[in-house]
Each structure stands twice: as C-alpha cells, then as structure tokens.
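Heads up: the structure comes next, in structure tokens.
The values are calculated or read from the model by the stated rules, or taken from the named source; none is laboratory data. Please read these numbers as outputs of a predicted model, since none were measured by experiment. Heads up, the Cβs are rebuilt from the backbone with ideal geometry, glycines too, and the neighbour counts pull from every protein chain shown. Accessible surface is based on the protein model in full, side chains and every heavy atom, while ligands, DNA and RNA are left aside. Shrake-Rupley method; radii C 1.70, N 1.55, O 1.52, S 1.80 Å.
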Amino acid sequence: MLVDSHCHLDFPDFAAERGEVLARARRAGIGTFLTICTKVSEFDAVTAIAESADDIWCSVGIHPHEAASEKATDAATLCELARHPKVVGIGECGLDFYYEHSPRAEQAESFRAHIAAARQTGLPLIVHTRDADGETGDILEEEYAKGAFAGLIHCFSTGAEVAQRALALGMYISISGIVTFKAAEALRTTVRDIPLDRLLVETDAPYLAPVPKRGKTNEPAFVAHTAAKVAELKGVGVAELEAATTDNFFRLFAKAERLRCG
C-alpha cells in the first residue's frame, strides 16, 4: 500500500470526477489519502470529502498565500477545528516568498499560530516553504525551543540545509513528483541522504504531475511514479519503499487509523 500524504481533493480540478480519481488511485494501490486544507473558510468542504470514505483524512490550516485574506489564524480557532475526528494534521502553513501573495509579516504570524496549534493538539505540522529557507528554519527552531511539536516539510524541493534543520528537530520530509523532473538533480542528491525512516511521498495533486505524466492534471494514483523514483534513489525495492513510507505516515499522523488491508 502507498499513501498520498498531501493532495487537494477539494480543488475544482477534481469536482467533475472525484469518485473516478479516487477509484483509479485505489486500483493503483493507494490505500490512504490526506487531503489538505488551505483556507479555514473552506474547511467544511475539506472535511466533507474526508467524511466520505474511511481511507481519506484531512488537515486544517491556512496556506501562506492566504495568510492576509483568511483572518481565522489564531491557534485557538485552529485547535477547535482540529477536534474534528477526521483532522489528523495542522496546515498546510509556512512561508512563500516566491509569489508573496501575502505580506511576509502576516505569513510569519500565521505560521507561528499554526505551530502553536500543533504543539497544543499534538497533531503534526504540515509546512510549505518556498524561497524562504533561512526564515523557515529560524521560525521552526525558535518555536521548537518553546516546546516540542511534530511535523514535516511537504513537497520538499529546496536546499539540503532546510532538510538538515528539519530532521534535527525530528521532522519528516515528504517528496513530490518534482523529484522525477529532469532539472531536479540537486533535489535527488538531497533525497539520497535523507534517512528512509523520515521519508513520505505525495502528489500535491492537482499540481506537479511526475514523469511520465508531466503535462497532465496530477492525481493521487501518480504517487506510485514518485515512489518508484525515490526507491531507485535510496537503492531499495519499491515494496520496501512503500512499506517504509506508509509506516512513516502512520507514525507521524498517529490520529489516522490504518485500515486492515494496509
């Protein structure tokens, strides 16, 4: 069994055929899905999808792009929403200085609120970081000094420094289809060095379809291609990689129930 540890099943790209997308994934051996909240204002739609099947879980959070427009960023609100039985993580949250759709100060404030919620609930933090390596590492370390929390860097595509700083805090690293891209040799070098017991795989669907599906709308079934590439980089069989990343997912997202078939 494989887990798609980060996808966006509520996005309009899947509205017309969400059922068939999930069916294709299940036929491809994907046994668990984590659909990610990016706006608290759309939390109900995310939880409705998670409630529709036993193998779908969800998070609660505010993407850094939405930090300025989504005002319910306080830890108390996030903690209350996280009480939903299908919510297993906090995020995605973090810093994105590439697009800067929200001011940096508001992104940082929202990021710290999510960390506080992760600390208070015991649920893992799902971190998005782009063009903000140093700042992301600094905030994670500053907040960890106030009290431990679990988490992961999702869709990891940045430098080795971020991976090292996150791993030092006990965090996990989730790999997307970017690892299959021709220009991603630096990323592949870093992935080779990440311990197998700290790796997860994801699609970030509908974005970032892996080779050989480039140019198509990404969907959870395609995580198998990412897993195959990561197995190659780690020098292990696909079955071993699948087992390890699945075990890692359920160790980190401990609130998620592992189905018998897994």
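Within segment 53-79, track down each residue that is touching a Gly at 6+ places or on another chain (Cβ under 9 Å) and either among the acidic types (Asp, Glu) or in a loop (DSSP other than H, G, I, E, B) (or both).
Matches in segment 53-79: 55, 61, 62, 63.
It is to be established whether one or more residues within segment 202-213 are of a type in the set (Gly, Ala, Ser), assigned to a loop (DSSP other than H, G, I, E, B) and within 27 Å of residue 149 (Cα to Cα). Write out each step before concluding.
We begin by selecting, within segment 202-213, every residue of a type in the set (Gly, Ala, Ser); these are 205, 209.
Applying the additional criterion that residues be assigned to a loop (DSSP other than H, G, I, E, B) yields 209.
Now narrow it down to the ones that are within 27 Å of residue 149 (Cα to Cα): none.
No, segment 202-213 has no match at all.
Is there any pair with a first residue in segment 180-191 that is assigned to a loop (DSSP other than H, G, I, E, B) and a second that is among the hydrophobic types (A, V, I, L, M, F, W, C) and open to solvent by 20 Å² or more (accessible area, probe 1.4 Å) whose Cβ atoms are under 8 Å apart and which are 6 or more apart or on different chains, and what are they?
Close Cβ pairs satisfying both conditions: 181/211; 182/211; 184/178.
From the list 123, 152, which one is in a loop (DSSP other than H, G, I, E, B), modelled with pLDDT of 95 or more, at negative phi and open to solvent by less than 40 Å² (accessible area, probe 1.4 Å)?
Working: 152 fails: in a loop (DSSP other than H, G, I, E, B).
Checking each option against the conditions leaves just 123.
Considering only segment 238-255, I want to know if a residue exists there that is closer than 20 Å to residue 13 by Cβ and in a loop (DSSP other than H, G, I, E, B).
So far as segment 238-255 goes, no, none of its residues is closer than 20 Å to residue 13 by Cβ and in a loop (DSSP other than H, G, I, E, B).
Take residue 55 and tell me if it is among the acidic types (Asp, Glu) and in contact (Cβ under 8 Å) with a residue 40 or more places away in the chain.
yes
Condition check ((1) farther than 28 Å from residue 2 by Cα; (2) buried (at least 20 other Cβ atoms within 10 Å of the Cβ)) across all residues:
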position: 27; (1), (2): no, no
position: 66; (1), (2): yes, yes
position: 82; (1), (2): no, yes
position: 99; (1), (2): yes, no
